[in-house]
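Structure, as structure tokens:
The values are calculated or read from the model by the stated rules, or taken from the named source; none is laboratory data. Since we're looking at a predicted model, the values are computed, not measured. For neighbour counting, all protein chains shown are included, and Cβ atoms are generated from backbone atoms with ideal geometry for every residue, glycine included. To get the accessible areas, we keep the full protein, side chains included, count just its heavy atoms, and leave off ligands, DNA and RNA. Shrake-Rupley method; radii C 1.70, N 1.55, O 1.52, S 1.80 Å.
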Amino acid sequence: FACSVSKDTYEVRWFLGDKEIQAGDKYTIISEGKRRALIVKNCSLKDEGNYVAHIGSIKASAGLFVIGEDLLLSQHFASILLEQFWLFLYLIAEKLRIITPIKDTDVKEGSEIVFNCETNTEGGKAKWLKNEETIFESSKYMISQRDNVFSLRIKDAQKGDEASYTISLTNHRGEHAKCIAIAKVAGNYCENSLCFVQFAPVCNVISVVLLTCDFAEEKIKFMEPIEDIETQEKKTISFVCKVNRPDVTVRWLKVGEEVKLSKRLVYRTDGLKHTLTIKDCVMEDEGEYTAVVGDNKCSAELIISEAPTDFSTQLKDQTITEFEDAEFTCKLSKEKAAVKWYRNGREIREGPRYHMEKDGKTCRLVIKVCRPDDECEYACGLEERRSRARLFVEGKLSDPSLPPKIYKQHTSFFIHNACPPGSDVVFEVELNKDRVEVKWMRNNMIIVQGDKYQMISEGKIHRLQVCEIRPRDQGEYRIVAKDKDARYYISQYSGSLLTPFTISIYAAAIPKIKTTDQNLVTDAGKPFVMSVPYDAYPRANAEWFFQDKCLAVQNIDTSLDKTEYRLKRPCKEDQGRYKVIIKNKHGEGEAIINLEVIDVPDAPEVSIGVVNRFGATVTWEPPSFDGGSEISAYVIELRDRTSVKWEAALVCSANDRSATLNDVVEHKEYIFRVRAENKAGIGRPSAATNPVKIMDPIDPPWAPGKPVVREIGKTSALLAWTRPEHDGGAKIEGYIVEFQKTGSEEWIHIAEDVPQTEHQLQGLMEKQEYSFRVKAVNKAGESEPSEPSDPVVCKERLCELGREFTANTIMGRMWLEVTNITKINADLKWQVPSSDGGSPITNYVVEKRDVRRKAWQTVDTTVKELKYTVTPLNEGSLYVFRVAAENAVGMSEFLSTKDPDCKSSCLHEPSIPIPKMVWQKDSVECKAEERLSMTVEMNSAHLELLKCTRADAGSYTITLENSLGTATGTINVKVIGKRLL
């Protein structure tokens, strides 16, 4: 059985029925390029069946029939069998075809379009296209497959969905089939339109009249408006809206001005969806954007915060010659950023060998007079980001273009004179290049690595160790270095060398530690290496112990002259005493390292103190853990409530516990946090404070005025009061009303969140005497309670001879007048009402109203006399006044100065003496004449001069005088000559 696949990498699995076939004596599986084959050897009747090839979920099948050698078939039976066999082959290899194609469809706007396609076999793959463009599954398009039926559903059909839709089918044999259908979308018809048929018999002929109404297009509008977006610089955003009709253009505005489209600002439409894309956002793009279509518009805000500074150009590896200067350079995305430099994870500072400079966005680190031990990783740090590179230092005589050269001085010796039998001898050679292949030879025979000979190559150093020398080991030893066909030979016994080199002899030695006990300090979280140098021969092994426990060998690196232990991320648990044991077959040495791990401090506890319009005071408590090192400073950070970027605002000393930040904007909201700093760096930030608005502090308001009961009933009372004289610096949000029963000391809430200075109280007890008081509420809290009202008893209203007397019947006939007016006050006078309503009058209520406003303002509710002086008033404003009387039942109707029975209708009745007016020009009094006229009114004075000439130019002064005083004013007049034509 053979088949081909579309890619060489596809793996085919073979099955007989449900059992997978494995390669062996019976079966051979072939995979050559795209060809796959299964060979069934020595077929027998039990091999009959359906063979299937699997590639993932795709299958291909074929049948195997085996005819026995001794089976005698009649011609008829054979023909039937052959006919059935070919029918089976036809069925299993039937070509892919479509049984039920997709059909043209007509739908209305807003409904759903459905296409279904059925094929003759399973295992096919479908691809849907709209106007020859591939459709992908989304919220708009739902693509599904069930057995051999393929479906496409298009939701919320619109005019833009009218198109030619195609389904393209393929199967595992590479066969193709497709069909096409047209979708049409009709608009919605007017709901009130009529379609009817009228029959009218004319001369035995029935005439038919069909009346229809034209399609009424829906008014264009937004179905989905644009939404607010918050992003960072250099990001790409999109405002997306959706309208109810296709083929329309949306106008885009920013702060009222039309957006100019460009490669960075792109407008796209997709059916009903309209998109404005802004690429690589900059701060100037921030603002309000508006989408306009027809008479409709929608707006959204784009808020852009500064992107954090990053590296625009990274550090690069540097390779320099020994004793030269190395320079690392990187570039930042913004100029105003501070960087730090690191060597193997530890910060380095300016010094004799390190020079750091910053020029705009470019940062440089210069390492002077580099040596091989300067080879390591260097990094430039910017907040949490790092740019890293390595420094490679080559020997002074190294030249990559030259062949290998042995340049160390030679010392010749005779083995039998230098070392006693049984000792080890080491030959050492240093080349001017590393990674050079070498061979060691003895008496022109190549030396092979083994128990007798040990060959070691480390960079430019090559060693040969001859173990346990005997007299038979005498001879000529030499090294051959190969590179670009260059060879150099060294003979041990020859007096003249082709190339000088060094031969060293190492005598057996007990490991010796080169340092005393070490006390080391490292920062938590930063990679750290502890090193112990030693001398030993032969090579020693090292074991590291921490708190008497052996450490893992994966972190230990031991070379010929030192052993190192690496801590990837030191933490406080790694602090303590380390013991190192270095030993070889001759003995051992021991070293001690005391390691201290310094971590950054924990977060302080922060609170907000005094806040006013000049700034805010931040207070904090030291962190519970200082990281193992004394705290050196505190860093206060802030951010605007609308921003996501924190900025360092102030650095304080270690002894400070509070600081006042004045570099803030009044009426803006800020969030603060504090970090502690020690030798290891800046610690974790404290929890952010709640947003703080920079403004003068808000206090609770003053107490409202004494409440007055205006009406009383069996279980209710109408209570009124005046606003507090001071609102505490914030708007009064409401009032709380409390009551107290006579004889009790407890005040009980009866109403909260009362918005006005008047409230109808319900749920009182009949015949119970009450007192009431009021509290005002603002953002700072509740005020002190007002003075309690006079006690009142809940009872029926007073009645006389079956007639109800309410507070409205108190007044009877009375009069009200304004007797005197000044710039800031007015005197009122009124008469006692002719009837007190059956209860003595307790007080009068006085109110005023600026004629430009509708609301009355209570002036006083406790007036006892028949006169009152209203103050303060605004000079030049017109006022109306009114007065009401009050008794135990309640308050009467108001009598206003606008009442026809009043002697004075309102405050602006002429009562200010009209002033005497004098005009002067250049200190000469002006007289009325044909060209000059002067008039004076209640609130204005006029001088009119006709047909002006140059002689009329000058300084005009007006003087106004009445019994109360004098006022003057000056006007400068300039006369310009006519333009000559």
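Observations on the structure shown:
- Entry remark, segment 535-548: residues being more than 47 Å from the chain's Cα centre (by Cα) and open to solvent by 30 Å² or more (accessible area, probe 1.4 Å) number 6 in total.
- In the set G628, G615, G609, only one residue is under 30 Å from W544 (Cα atoms) and either in the same structural domain as Y534 (by the TED database) or not hydrophobic (A, V, I, L, M, F, W, C) (or both); that residue is G628.
- Residues located in segment 548-576, provided they are over 20 Å from E590 (Cβ atoms) and of a type in the set (S, T, N, Q): Q554, Q575
- Some residue of segment 428-437 being open to solvent by 60 Å² or more (accessible area, probe 1.4 Å), at pLDDT below 80 and of a type in the set (S, T, N, Q): no
- Qualifying positions in segment 952-981 - small (G, A, S) and at pLDDT 85 or above: A953, G954, S955, A967, G969
- The numbered conditions (1) at pLDDT 85 or above; (2) open to solvent by less than 70 Å² (accessible area, probe 1.4 Å); (3) not in a strand (DSSP E or B) are all true for T862 except (3).
- Any hit, segment 870-880, residues being in contact with a strand residue (DSSP E or B) (Cβ under 8 Å, 6 or more places away or on another chain) and modelled with pLDDT of 90 or more: yes
- Checking each residue in segment 631-644 for being among the polar types (S, T, N, Q) and either open to solvent by less than 60 Å² (accessible area, probe 1.4 Å) or outside the structural domain of Y670 (by the TED database) (or both) picks out only S643.
- Matching residues in segment 818-849 - criterion: being among the charged types (D, E, K, R), assigned to a strand (DSSP E or B) and surrounded by fewer than 16 Cβ atoms within 10 Å (Cβ to Cβ): D827
- Of the strands (runs of 3 or more DSSP E) lying entirely inside segment 227-268, those containing at least 2 residues that are among the basic types (K, R) and open to solvent by 40 Å² or more (accessible area, probe 1.4 Å) are 251-254.
Condition check ((1) of a type in the set (A, V, I, L, M, F, W, C); (2) farther than 23 Å from M891 by Cα) across all residues:
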residue: I712; (1), (2): yes, no
residue: D727; (1), (2): no, yes
residue: E766; (1), (2): no, no
residue: G781; (1), (2): no, yes
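- Applying the criterion of at least 3 residues that are within 21 Å of S643 (Cβ to Cβ) and touching a strand residue (DSSP E or B) at 6+ places or on another chain (Cβ under 6 Å) to the strands (runs of 3 or more DSSP E) found wholly in segment 284-376 leaves 287-293, 296-305.
- Test: residue in segment 809-816 that is open to solvent by less than 40 Å² (accessible area, probe 1.4 Å), in a strand (DSSP E or B), more than 21 Å from S716 (Cα to Cα) and at pLDDT below 90: yes
- Criterion: within 24 Å of K221 (Cβ to Cβ), of a type in the set (V, I, T) and under 25 Å from the mean Cα position of the chain (by Cα) - qualifying residue of T249, T275: T275
- For P511, the conditions (1) under 24 Å from R343 (Cβ atoms); (2) out of contact with any Pro (no Cβ under 8 Å at 6 or more places or on another chain); (3) crowded, with 18+ Cβ neighbours inside 10 Å; (4) not small (G, A, S) are fulfilled apart from (1).
- Some residue of segment 199-209 being at pLDDT below 85 and closer than 30 Å to E306 by Cβ: no
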